[in-house]
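The structure under discussion appears below in the form of structure tokens.
Derivation of every value follows stated rules applied to the coordinates shown; laboratory data play no part. A quick note: this is a predicted structure, and the numbers were derived from the prediction, not measured.
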Amino acid sequence: MSPQSADALNRRLESYEQQSGHQILVYIGQTTDGVPIEDWAVRAFENWKVGRKGMDDGLVLFIMAQDRRLRIEVGYGLEGQIPDALASFPEFRRRTATAPSPRESTRSPAWSVVRVCHRLRSVETLASVAR
């Protein structure tokens, strides 16, 4: 991801955090060096203390490019909107992180990351409206 794309994504995520109070982070790495991504992501999520203190209302999208793995970790405070069962469900991951369509294939990988974040925000918004 280019520095310009990263800056643009950071601005979008900061704006979302200011509007909702919820923190969404994106971590793009190469590999977990053989550690299952589920274990790696849980440890990182706990160490980083994502979300507001006492509310645990954060979410992290972990992308390991070399491993070709994706993991979404959700804090307890957001589980009403995005339960772990939904975030880890293969169909949800497929819909949020599918390969681009032929029309979209000319777009950069950064665009795909932005699309996933947008879909995660949309799911959270729809869930909170449905409650």
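Multiplying the residue separation of ASP56 and SER15 by 0.36 nm and subtracting their alpha-carbon distance yields 12.9 nm.
The alpha carbon gyration tensor of segment 1-63 gives principal lengths a ≥ b ≥ c with a/c of 1.5 or higher and a/b no greater than b/c, which makes the shape oblate.
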